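The values are calculated or read from the model by the stated rules, or taken from the named source; none is laboratory data. Because the structure is predicted, anything quoted here is derived from the model rather than measured. So basically every Cβ, Gly included, is an ideal-geometry build from the backbone, and we count neighbours across all protein chains shown. Calculation scope for accessible area: heavy atoms of the full protein, side chains included, ligands and nucleic acids excluded. Shrake-Rupley method; radii C 1.70, N 1.55, O 1.52, S 1.80 Å.
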Amino acid sequence: MPTDLSGAVGSPVPHVVTGPLLPAYAHLFAARRLWQRGCIDHLLSEVADDKVVDVLITDIQLRRIRHPYDGGADVFLNTPEERDRLRDRHAAWLSSHPGGL
């Protein structure tokens, strides 16, 4: 089942990046969802299976950004204190690599 893009803003916008090994193409979508537990589980499953890439999930004010990918996620938060609280709450999820990678 493909990811539900109903509610996407506008039509898919093709975006072309050029460079030595390119062009590369991307399709940009934006959708606003009322947050409910599990509402993006299907999307996250598709990201984990590498079926969907380059996903950004944000709050409405763009103060918190999550970038999931097939091996984990990057999280950008509003303050260092918020970052530290999240890190402490999910310490078991963090990499054991000495550099934190």
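General remarks:
- Being touching a strand residue (DSSP E or B) at 6+ places or on another chain (Cβ under 6 Å) and in a helix (DSSP H, G or I) is not true of VAL75.
- All conditions but one from (1) surrounded by 10 or more Cβ atoms within 10 Å (Cβ to Cβ); (2) in a loop (DSSP other than H, G, I, E, B); (3) without any contact (Cβ under 8 Å) to a residue 12 or more places away in the chain apply to GLY99; the one that does not is (1).
- Residues located in segment 31-60, provided they are open to solvent by less than 60 Å² (accessible area, probe 1.4 Å), assigned to a loop (DSSP other than H, G, I, E, B) and within 25 Å of GLU81 (Cβ to Cβ): ASP59
- Annotation: PRO68 fulfils all but one of (1) under 22 Å from SER45 (Cα atoms); (2) open to solvent by 70 Å² or more (accessible area, probe 1.4 Å); (3) at pLDDT 90 or above; the unmet one is (2).
- Just one residue in the set ARG63, ARG83 is open to solvent by 80 Å² or more (accessible area, probe 1.4 Å) and in a helix (DSSP H, G or I); that residue is ARG83.
- Cβ-Cβ distances below 9 Å connect the following pairs, each with a first residue in segment 48-70 that is farther than 20 Å from LEU34 by Cβ and among the β-branched types (Val, Ile, Thr), a second residue that is assigned to a loop (DSSP other than H, G, I, E, B) and open to solvent by less than 90 Å² (accessible area, probe 1.4 Å), and a separation of six or more residues or different chains: VAL52/THR3.
- Residues being of a type outside the set (Asp, Glu) and under 25 Å from ARG33 (Cα atoms) - total across segment 72-89: 9
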